[in-house]
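What follows is a short report on a single structure.
The values are calculated or read from the model by the stated rules, or taken from the named source; none is laboratory data. Since we're looking at a predicted model, the values are computed, not measured. Because the Cβ atoms are built from the backbone with ideal geometry, glycine has one as well, and the counts that use them run over all protein chains shown.
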Amino acid sequence: MQIKDNKLVYFFSGILFSVILLFIFSFDSSKSSISENSNDLFPHEYRIISPYIPEQIDFCGERVPLENDDVRERVEREFVVQTYFHSATIFYLKRINRWFPVIEKILKEKGIPDDFKYLALAESGLENVVSPAGAVGFWQFMDYNAPKYNLIVNDEIDERYNVEKLTYAACDYILESKNKLGSWTLAAAAYNRGLNGIKTQLERQKTSNYYNLVLNNETNRYIPRIVALKYIMENPKIYGFDVKEEQLYKPFSTRIVKLDTSVTNFADYAKLHGINYKTLKLFNPWLRENFIVNKKNIQFSIKIPQNGTFEIIPN
């Protein structure tokens, strides 16, 4: 009797196990059929695709050799990253409407190709960020480079946060690199790797072409990232970005007040000009303290907003 009972247990256990397996396979099969039909999961017809790469790409009129497989893959990588880094790219599209006109004017004045505005975008996203190494501002300048390019950096003033002055300094660095290295592409690479760093590698590797250089990963990706940003910013809808005109950040409208004296308290100074301290710092982030001891009576240009967008909020 014990033997018969055991056989019955094994029999019904086998049936139960088969039923469970059938259920599992059926569940997996239904999941598979859903995943194959993207409309079931994404009714808005969202698709993840490899982004369009133009057949011809240039930086400052200098051709990017896409026929080289290594170069093409490096460029494609940056197109993919910028296309699918949605949050950052949307804000780039918004900010360039405010800041590119400021940068373009200075680039033109200094005789530098307009494409270099995308270098600033690649460096900082057009924000006054500080890198882990201590580079500051839209163009990411180190403090030890500041004096050579006529930027004041001390406890009270840091002109690396002044977009216009920093752009002039960056232009001088770029022109110096172009004169010594011979191409705009190498000048841009030198902005990331350092003039001496690129010059040393050109001599060591016996080439005069950026795309033939063996470089660190960051500099290797640098020019491809800049050209990817250029083409996406110029053709956003091709890459799926639909930012309306009214959603773009408008350029600031300001008036200039000259300052050539000391200021004991910039909060009081701001009130004298009809704004609050926060607004003063927003438009003049290069003021690093709430006072300035201007012993040499250097003349600074203080920006004050023209419109009422930045009115004082009642305390």
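Values as computed for the structure displayed
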quantity	calculated
Count - residues of the range 218-259 that are part of a helix (DSSP H, G or I), among the aromatic types (Phe, Trp, Tyr) and touching a Ser or Thr at 6+ places or on another chain (Cβ under 9 Å)	1
Residue within the range 187-194 that is charged (D, E, K, R) and in contact with a Gly (Cβ under 9 Å, 6 or more places away or on another chain) present	no
Meets criteria (aromatic (Phe, Trp, Tyr), on the phi < 0 side of the Ramachandran plot and free of Cβ contacts under 8 Å to residues at least 40 places away in the same chain) for Tyr144	yes
Within the range 61-78, tally of residues that are outside any helix (DSSP H, G or I) and touching a residue at least 40 places away in the same chain (Cβ under 8 Å)	5
Residue satisfying all of: in the range 203-244; over 28 Å from Glu104 (Cβ atoms) and β-branched (Val, Ile, Thr); surrounded by the fewest Cβ atoms within 10 Å (Cβ to Cβ) among these	Val214
The range 136-172, subset out of contact with any helix residue (DSSP H, G or I) (no Cβ under 8 Å at 6 or more places or on another chain) and in a loop (DSSP other than H, G, I, E, B), residue nearest to Glu289 (Cα to Cα)	Glu156
The listed residue being small (Gly, Ala, Ser), closer than 30 Å to Ser301 by Cβ and surrounded by 19 or more Cβ atoms within 10 Å (Cβ to Cβ), out of Ser177, Ser253, Ser262	Ser177
Filter result for Phe27 (modelled with pLDDT of 95 or more, surrounded by 10 or more Cβ atoms within 10 Å (Cβ to Cβ) and either part of a helix (DSSP H, G or I) or acidic (Asp, Glu) (or both))	no
Residue in the range 285-298 that is more than 22 Å from Arg160 (Cα to Cα), surrounded by fewer than 13 Cβ atoms within 10 Å (Cβ to Cβ) and out of contact with any Lys or Arg (no Cβ under 7 Å at 6 or more places or on another chain) present	no
